[in-house]
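One structure is given here, and the rest of the page talks about it.
The values are calculated or read from the model by the stated rules, or taken from the named source; none is laboratory data. All values derive from a computational prediction rather than experimental measurement. Quick reminder, even Gly has a Cβ in these numbers, built from the backbone with ideal geometry, and neighbours come from all protein chains shown. In case anyone asks, the SASA skips ligands and DNA or RNA and just uses the protein heavy atoms, side chains included. Shrake-Rupley method; radii C 1.70, N 1.55, O 1.52, S 1.80 Å.
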Amino acid sequence: MSQKHKMSYEAVQNLGSCCFLQSENLDYYSSSDNSSHATYPSVRTLEQYCTLESSTKNSFPSLNSPSTVSFSPNYSPLSKLQPKSYVLSSHNSLEIANDSLENESCLTHNDNELRHKIRELESAMLGHDADILDMYDTVIPEESHSFLLEAERWKKMMEMISRGDLKEMLCACAIAVAGNDMETTEWLMSELRKMVSVSGNPIQRLGAYMLEALVARLASSGSTIYKALKCKEPTGRELLSHMHLLYEICPYLKFGYMSANGAIAEVMKGESEVHIIDFQINQGIQWVSLIQALAGRYGGPPKIRITGFDDSTSAYAREGGLEIVGERLSALAQSYNVPFEFRALEVSPTEVDIKDLELRPGEAIAVNFAMMLHHLPDESVDGQNHRGRLLRLAKCLSPKIVTLVEQESHTSNLPFFPRFVETMNYYLAIFESIDVALPKENKERINVEQHCLAREVVNLVACEGAERVERHELLKNWRSRFTMAGFSTYPLNSFITSSIKNLQQSYQGHYTLEERDGALCLGWMNQVLITSCAWR
């Protein structure tokens, strides 16, 4: 029973000085179909028995009728008016709802004059209490309308479940979570658990992780979010192997790294010393192909110095710090006779200062932002624009080139539900592309999706504020940021574009590649996933 109806009902009960009220117990109606059952309480039917016998206590005349006078506001589509009943009219007079009473000598609903007299009598006897009845009468239609809307909503949800549209159900569950509708949330989650599977088709697999994310949103946030995941973190060596496998089976990272390296190699043709500042070096995979390419440069390779910033996930995967990356790259450079130097920086990119980079005269600087700028909190988080600050710092370095590789998704400052839909559409395209490379029953595919993609999904759906580190922006937004920082576009040449096209054709599936104003965009069918561009 709603609070408004409860207040109205109690108000009528308090009019004991007017007539004796007797009410029946609360009825319950049930609605069910073949798949699930839902029970809904109906509003209390107020069956009033009034007599013409005067109360000696109140000296208050009442209606005497052999028929039951039922105040039935018809809240539920399942409730029906009694064939002989009264309801409160908008003028606070007692009216006959349906058929006239059998004993028309007592009262007839067509007698307007008598009705007017009864209204005058009510007003004289009730006084200010008539206002309470007015309030009760006003609530009845409103509550009835609300109940009908609620019944219609549940009917539509039952139809949705019968259709088995998993995307539609995930969205409905997210709406319920956003509205703090726990009854609907719990019901939909119980139905979704029957439909999702980490070994099913792409939407079933993604749905399993998005459901976990919704559960985690209700249970915890931030640093405790991963405790709500059923898939436990692997050991460092296992996670590293999963990352390498994702790199091989999906062209997104390889595409981004190759296009960025092509731009760096082109602009550094005549340089003898190259200083690459990588603000998120991960496992150092990107620089393997660049070292190999510069080793075969006409006139000999330049001296290469790499300054790398780390992140906790990469360090966990390596089971160690950036010195491991430095050792691997140094060994590779030595095998190709390339002069090489590596320096690790443990300072956060949000706090780095130009003096921390230890610049040297004569070095040609390249700044690399590969899948990292979206991890920086923007001005919508705490008022500080760390992204703008880092871009202005890069501008102060006077680099020959700045490369940007980012996911083409808009999740930075979206409210929860639009962000949920954006996340679902984006990662569904990735899950579909993985199906082409690895069969559904492949255990490695399950591990890659759990440990490399599910974490991002959970962070996007379950976390808010500073605890949400996945905050993607579209290419047009990055263009605005780079332009405001003082950069101009560096178009990728035709050789780089043709190399990326050859890479695309080496993968099976519905991959798309297009060029937009000097930037390359790789996607799956109609969903652009990764963009790569260069600035100077």
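With the structure loaded, tell me whether N337 is modelled with pLDDT of 95 or more and either under 33 Å from the mean Cα position of the chain (by Cα) or surrounded by fewer than 16 Cβ atoms within 10 Å (Cβ to Cβ) (or both) or whether it fails that test. Here the answer is yes, as N337 does meet what is asked.
Among the residues of the stretch 468-489, is any over 19 Å from the mean Cα position of the chain (by Cα), surrounded by fewer than 17 Cβ atoms within 10 Å (Cβ to Cβ) and on the phi > 0 side of the Ramachandran plot?
yes
Quick one: in the stretch 272-315, of everything that is among the hydrophobic types (A, V, I, L, M, F, W, C) and in a loop (DSSP other than H, G, I, E, B), which residue is surrounded by the fewest Cβ atoms within 10 Å (Cβ to Cβ)? Step through it out loud before you land on a result.
Pass one, the stretch 272-315, residues among the hydrophobic types (A, V, I, L, M, F, W, C): 274, 276-277, 279, 281, 285, 287-288, 290-291, 293-295, 304, 306, 309, 315.
Applying the additional criterion that residues be in a loop (DSSP other than H, G, I, E, B) yields 279, 281, 285.
Numbers: F279: 23, I281: 28, I285: 17.
So the residue we want is I285.
Looking at this structure, is E473 of a type in the set (D, E, K, R) and over 16 Å from P418 (Cα atoms)? No, not satisfied.
Residues that are among the hydroxyl-bearing types (S, T, Y), surrounded by 19 or more Cβ atoms within 10 Å (Cβ to Cβ) and farther than 26 Å from S199 by Cβ occur at least once in the stretch 411-419.
Specify which of the listed residues (T403, T423) is within 29 Å of A176 (Cβ to Cβ), open to solvent by less than 40 Å² (accessible area, probe 1.4 Å) and of a type in the set (V, I, T).
Working: T403 fails: within 29 Å of A176 (Cβ to Cβ).
Of T403, T423, the one residue that is within 29 Å of A176 (Cβ to Cβ), open to solvent by less than 40 Å² (accessible area, probe 1.4 Å) and of a type in the set (V, I, T) is T423.
Checking each residue in the stretch 525-536 for being out of contact with any Asp or Glu (no Cβ under 6 Å at 6 or more places or on another chain), open to solvent by 10 Å² or more (accessible area, probe 1.4 Å), touching a residue at least 40 places away in the same chain (Cβ under 8 Å) and under 15 Å from L428 (Cα atoms) picks out M525, Q527.
Contact map, the stretch 162-173: first residue more than 10 Å from L188 (Cβ to Cβ), second residue surrounded by 20 or more Cβ atoms within 10 Å (Cβ to Cβ) and at pLDDT 95 or above, Cβ cut-off under 7 Å, separation 6 or more or different chains; pairs are L166/G207; K167/M424. Would you say A394 is farther than 20 Å from L475 by Cβ and open to solvent by less than 20 Å² (accessible area, probe 1.4 Å)? Answer is no for this residue. Of the listed requirements (1) touching a residue at least 24 places away in the same chain (Cβ under 8 Å); (2) surrounded by fewer than 20 Cβ atoms within 10 Å (Cβ to Cβ); (3) of a type outside the set (K, R), A366 misses just one: (2).
The set of residues in the stretch 443-484 being touching a Leu at 6+ places or on another chain (Cβ under 7 Å), aliphatic (A, V, I, L, M) and more than 19 Å from S412 (Cα to Cα) consists of V448 alone.
Tell me, yes or no, whether the stretch 434-452 has at least one residue that is open to solvent by 10 Å² or more (accessible area, probe 1.4 Å), at negative phi and modelled with pLDDT of 95 or more.
In the first step, residues of the stretch 434-452 are kept if they are open to solvent by 10 Å² or more (accessible area, probe 1.4 Å); the result is 435-444, 446-447, 450-452.
Next, only the ones that are at negative phi stay: 435-444, 446-447, 450-452.
Okay, now just the ones that are also modelled with pLDDT of 95 or more, so none.
No, that holds for no residue.
In the stretch 182-200, the residues that are without any contact (Cβ under 8 Å) to a residue 60 or more places away in the chain and closer than 20 Å to A454 by Cβ reach residues that are among the small types (G, A, S) and surrounded by fewer than 18 Cβ atoms within 10 Å (Cβ to Cβ) with C-beta atoms within less than 9 angstrom, at least six apart or across chains, in these pairs: M195/G164. Of the residues making up the stretch 490-502, just one is within 34 Å of the chain's Cα centre (by Cα) and buried (at least 17 other Cβ atoms within 10 Å of the Cβ), namely I500. When S190 is tested against (1) out of contact with any Cys (no Cβ under 9 Å at 6 or more places or on another chain); (2) buried (at least 16 other Cβ atoms within 10 Å of the Cβ); (3) modelled with pLDDT of 90 or more; (4) part of a helix (DSSP H, G or I), only condition (2) is not met.
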